[in-house]
1. How many residues, within the stretch A:382-414, are more than 20 Å from residue A:335 (Cβ to Cβ) and either assigned to a loop (DSSP other than H, G, I, E, B) or among the small types (Gly, Ala, Ser) (or both)?
2. It is to be established whether one or more residues within the stretch B:581-601 are within 27 Å of residue B:631 (Cα to Cα) and either at pLDDT below 85 or more than 38 Å from the chain's Cα centre (by Cα) (or both).
3. Which number in (1) surrounded by fewer than 19 Cβ atoms within 10 Å (Cβ to Cβ); (2) free of Cβ contacts under 8 Å to residues at least 40 places away in the same chain marks the one condition that residue A:423 misses?
4. Would you confirm whether any residue within the stretch B:593-604 is under 30 Å from residue B:621 (Cα atoms) and surrounded by fewer than 20 Cβ atoms within 10 Å (Cβ to Cβ)?
5. Could you list, in sequence order, all residues of the stretch B:568-592 that are touching a helix residue (DSSP H, G or I) at 6+ places or on another chain (Cβ under 8 Å), within 14 Å of another protein chain (Cβ to nearest Cβ), in a helix (DSSP H, G or I) and open to solvent by 10 Å² or more (accessible area, probe 1.4 Å)?
6. I need every pair where a residue in the stretch A:592-620 that is assigned by the TED database to the domain that holds residue A:213 has its Cβ under 6 Å from the Cβ of a residue that is loosely packed, with under 13 Cβ neighbours inside 10 Å, sequence separation at least 6 or different chains.
7. Let me confirm something: among A:448, A:475, A:488, which residue is within 14 Å of chain B (Cβ to nearest Cβ), open to solvent by 50 Å² or more (accessible area, probe 1.4 Å) and at pLDDT 80 or above?
8. Tell me yes or no: at least one residue of the stretch A:234-246 is at pLDDT below 95 and under 30 Å from residue A:61 (Cα atoms).
Amino acid sequence: MLGFLKNPVVVTVEINMNLVALTVMGLISRLWGLSYPRAVVFDEVYYGQFVSLYMKRIFFVDDSGPPFGHMLLALGGYLGGFDGNFLWNRIGAEYSMNVPVWSLRLLPALAGALCVPLAYQILVELQFSHCAALGAALLILLENSLITQSRFMLLESILIFFILLAVLSYLKFYNSQRHSSFSGSWWFWLLLTGVACSCAVGVKYMGLFTYMLLLAIAGLHFWHMIGDQNFSNVSLVCHFLARGLALVIIPMAVYLSFFYVHLTLLYRSGPHDQIMTSAFQASLEGGLARITQGQPLEVAYGSQITLRNVLGKPVQCWLHSHMNTYPIRYENGRGSSHQQQVTCYPFKDVNNWWIVKDPGMQQLVVSNPPRPVKHGHIVQLVHGITTRYLNTHDVAAPLSPHSQEVSCYIDYNISMPAQNLWRVEIVNRQSDTDVWKTILSEVRFVHVNTSAVLKASGFIGASLPEWGYRQLEVVGEKLSKGYHQSTVWNVEEHRYGKSQEQKEREVELHSPTQMDISKNLSFMAKFTELQWKILTLKNEDTEHKYSSSALDWITMDTNIAYWLHPTSGAQIHLLGNVVTWGSANVAALVYTCLSLWYLIRRRRKIYDIPEDAWQLWVSAGGICVGGWAVNYLPFFLMEKTLFLYHYLPALTFQILLIPIVLQHLGNHLCRSLLLKSMFSALIVAWFSSVYLVYCTFSPLTYGEPSLSVTELKDLRWKDSWNILIRKQ
Amino acid sequence: WDETHFGKMGSYYVNRTFFFDVHPPLGKMLIGLAGYLSGYDGTFPFQKPGDRYEQHNYVGMRGFCAFLGSCLVPFAYLTVLELSKSLPAALLTAFILIFDTGCITLSQYILLDPILMFFLMGAVLSMVKCNSCANSPFSASWWFWLSLTGVNLAGAMGVKFVGLFVVLLVGLNTIYDLWDLLGNLSLSLVVFGKHLLARVLCLILLPLALYTAMFAVHFTVLNKSGPGDGFFSSAFQARLIGNNLHNVSIPEHLAYGSVVTMKNLQMAGGYLHSHWHLYPEGVGARQQQVTAYLHKDLNNLWIIKKHDSDTDLSDPSRPVEFVRHGDIIRLEHKETSRNLHSHQHEAPLTRKHFQVTGYGINGTGDSNDFWRIEVVGRKAGKLIKVLRSQVRLTHVATGCILGSSGKTLPKWGWEQVEVTCTPYLKETPNSLWNFEDHINPKLPNISLDVLKPSFAEILLESHMVMIRGNSGLKPKDNEVTSKPWHWPINYQGLRFSGVNETDYRVYLLGNPVIWWLNLVTMGLYLLVAVSTAVTLKRGVQLTSELKELSRVVLRGGGQIMLGWLLHYLPFFMMGRVLYFHHYFPAMLFSSMLTGITWDTLLKFCAGFLSPSTTARKVYGGGFLALVLLILYSFYLFHPLSYGMIGPMASDPSSPMAGLRWMDSWEF
């Protein structure tokens, strides 16, 4: 305890000036003139709206990825005191004074700047020379595309930062494994790996690829440990459990916590409510909760209800009917029953109200005590305003002739009897005696006579023609193929009917529901629903003007114009450093060929390079080439709209490979002194060309200074680049 | 059901009419051959499922498929026997395949799947046989099995592109093999080179040769024009007897006033097309759609007019004026009298390009209707030849080039192909066109000998068309389709014939007991394999018997498992419409794995009960129980494949109601 009395307290600090210098340079290159241009740049228009929603605590769903990245951006806004009042509608729009541009862009820029020292550290941990590490860091520093991407409110630089952090901490962990297992720093780096991985996944799903790569590498390393007889069985199990905890369980927990924070922050209803189920909507403040708060829970005979289709696509809609009838003949000559139309209507309306009636009784009010409707019960549904019965029969539906028409029955005294009995089937029941519950129960209505199922057509273009007021078609589906959401309905608004007379009832239907019981979803239920919606929600992927195919990326045949000054020729492009991209490709090629060559020679027991050099070569390649491959190749299988910036994580790994290959070539292939010095001279020359290209393109990276038309034309090195030139 | 499809194609072979299908030709050729030999005359129309065959002789075709389907059982038996050296394992596998209702149903009808599975299993069997001949390389039997593998690979590829997966399996196995040989320092590099050459010869060159030969036969047999013509280029069509381009005689040089069709030069490019529909709101300007359409149609006709004069060119007294390279022309759509038009609006799908529309009334439009016509590699003033000239149309006002992006438009565009005007001046076949039909009464018709394409060109073209067709089979909005994860759990079958209660109904569904047994075994196998691998890696000393067992589990089981993975996982990434029967190749592998795994498991268990009599009893009893289980379940479910009549199973009074274990089955 009192050791400091005997020995003085000594703090020795070792500062790697290389690292400090690199960090400072990184910060300068990324932070310089950060709030210029003071206008919405490219995808800021997309992420900005979410930041605004965070500031206003309004719930939203973004199908592009999990919420952690958005939250980090919002944190920047929060620190800068942003109130969320800005209309994000147009790229190039001038920011108003209340938008703290600098702090909104700060976090991505910091992440981008820190990638530079991270790259340095990774190469050091891979046991390459400081010179090579310095080279890698400088290449990252001078990469125009990485600079552009990290200077705006975008997510890629954050993603790359977490990816590199995860790789670095795994390497640190692995290197400390050799001498000190289960020590403090061992645990620290192991846990940091897991956390960084889940952060990467939390920013964008792309992070999953690197996570998988690290898991595979960890698995491989553990496999070697199994073969090592020095470990006892018990210590192996301990190692296994520690890795499982840190690399699987903790990332999952962290990932869940992102959603927890997300859902706690966003408690107000907003524009994306309708995608979610009624139960979810009811848990948000405002919106549906205002209406449904205090409804009776159990649907009883005599209940007045609105029925929402669970599918919610292309728009949410409610079962609806109105006074008009189906036309006797459709445009294509087919006939109809000429009975009252039943549709699915995307807006709240008094005509959406239906009354649940017991077929055996005449009354339309709830008895005292209420008799709840259970799974398997047979009911009639009475339209509230017109008091006609929901009916289906063997007449072809207006738009889907293979299905039955659904109508509200009008007795024309012809040979078409009413068939208005429906069996209630609760899809998500726990037991067969479950009671039909408001909001929570998902119900199918099976027609008793024909066993057709009530269904909202739900495909794009299912809206009826003029005679049906462009409302959506509802049909009786005869061949119901298993479970489909379009055949499932849930009760949204609900009250116990009290009025005996039709006139009173109409008044009652117009009045808002009010009673009180509150329902709350558990966090896990909300999480599962939100996660599922994020994964399955599909935007129509129309091609974007600057979208590109994955094959264009290696050769950088494409660019993205981010911003153009409204008057001068100043502009910002996502455009990489041509020399770096080219050399990275060459490095990858050289690496693959050399590895194959060594591998085949080693198989024949010919060893060209010493064993430890070979190990270095393999582990470095595993991370860099592996990282490049897992972050690039999957895009060939994806069908979404792709942009050049999707390639940046892969590119980062590929850049790290350049100094590795160079050092290997210098150490092992240049045998004579003359060759070595020539090689160094070449590297210096090549490096200066990288710097020159960086300088040449920096006007397009930083947006300053503005260039003249001829200068811009000179910069168009490839015909496929889309550099904006104003017409004189 | 799909008999309508493949049966019809069999008839096409018998009638020698050309058609187009997304699968390679071997399967249909074999069906056609079987039909031909058994006396089928190719006249049955195969219009819709459920039509009666009446007097047509269809048994030959069905019998052929059924025969190939039943060959699967001995193949699987031999494969497992070779891998595990255990008779019970092989018998178990054979039993599973004999009594699986799904396999029975699938091989009873005129379908491609039994043929595909036949070749696939054949390839696996001969690969395994070849591996066990490894001790005596270059012997006669080694050569035999190696080349047989190649033949079967060609067969599998020739039936469906799914055969590619078995090619992959064999390829991986061969690489593993070669790697082994390379590490064997007792072999000189020359011997290794021989090994390598032998494999290249038998597994790459031989299959390729057979595959091309197959297409050669396909193209020679089908020499009459048929329903598939429009998918192919003008040059291709000229080969077909009966096509309007065969021994064609049309005016040779393009003149003003001619009525023409224009075909895009890319593989499977369509005809320039327009119709009375407008682009929907929000998609560029609301003007008439211009698309590329693969079928021949009156709406493909365009009239060539001068850009500046609107005089009636059909006036017979006027002298004929030829169109020359570099002229500025106007193209008027014959049916709707609108001009081909472009302007600086975004194209519907390819946003970087400009929209192309039909504009103007009765041929009067504006200056955005002017196009400069240029022939590739020609000087100004030269005449333009029909069919042979590759033509580029440059929009005069914006400088963009008329092209077809190859993307399919959504519903509003009738799923035809997008036509755009590209501002990038790249030289690709997308932006080149040729004139195909040419009608001008004032010009003399000349018999043209169109440049006949070489065989390699036809081969390449037909492949491009097939790939295009395959990726075009996308599910429609909201259509309920089968998902890959449904398959191993036997979630939902496929209705083969009969819908109503009175019909004779056949339902394709695996025997659930067998399928679920396969599924459970998959998990068991993983468990066994991992524990064996860990034990070996920890260096635990094993008895020679156990060593042999672990070799079977890791090497033999691993091969089969790899086969299953290769035939199953890729479906998760496919965008096209998937059906339940796509799983059957993978199911074969999983059945073989079941045989091997249970055999090893029971042997392990028996090994623990040391007294040899009890051990044998446990082993035998286990097998007997499994076989009886399979037999009984077959007894329960056999009506599925042999057909059932009566009320639907969802009706509780049906005899099958008790068997409806899952709500999603609909028999």
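The values are calculated or read from the model by the stated rules, or taken from the named source; none is laboratory data. Bear in mind that the values here come from a model prediction, so they are computed numbers and not experimental data. Note that each Cβ is placed from the backbone with ideal geometry, even for glycine, and that neighbours are counted across all protein chains shown. In case anyone asks, the SASA skips ligands and DNA or RNA and just uses the protein heavy atoms, side chains included. Shrake-Rupley method; radii C 1.70, N 1.55, O 1.52, S 1.80 Å.
1. Narrowing the stretch A:382-414 to residues more than 20 Å from residue A:335 (Cβ to Cβ): A:382-390.
Those still in the list that are either assigned to a loop (DSSP other than H, G, I, E, B) or among the small types (Gly, Ala, Ser) (or both) too: A:384-388.
Qualifying residue count for the region: 5.
2. First, pick out the residues of the stretch B:581-601 that are within 27 Å of residue B:631 (Cα to Cα): B:581-601.
Remaining after also requiring either at pLDDT below 85 or more than 38 Å from the chain's Cα centre (by Cα) (or both): B:581, B:601.
Yes, some residue in the stretch B:581-601 is within 27 Å of residue B:631 (Cα to Cα) and either at pLDDT below 85 or more than 38 Å from the chain's Cα centre (by Cα) (or both).
3. Only one criterion is unmet by residue A:423, namely (2).
4. Within the stretch B:593-604, the first condition is being under 30 Å from residue B:621 (Cα atoms), and the residues that meet it are B:593-604.
Filter once more, so that each one left must be surrounded by fewer than 20 Cβ atoms within 10 Å (Cβ to Cβ): B:601, B:604.
Within the stretch B:593-604, one or more residues are under 30 Å from residue B:621 (Cα atoms) and surrounded by fewer than 20 Cβ atoms within 10 Å (Cβ to Cβ).
5. Of the stretch B:568-592, the ones touching a helix residue (DSSP H, G or I) at 6+ places or on another chain (Cβ under 8 Å) are B:568, B:570-573, B:575-576, B:578, B:580-592.
From what's left, within 14 Å of another protein chain (Cβ to nearest Cβ): B:570-573, B:575-576, B:580.
Adding the requirement that they be in a helix (DSSP H, G or I) leaves B:570-573, B:580.
Hits for the stretch B:568-592 are B:570, B:572, B:573.
6. A:603/B:183
7. A:448
8. Within the stretch A:234-246, one or more residues are at pLDDT below 95 and under 30 Å from residue A:61 (Cα atoms).
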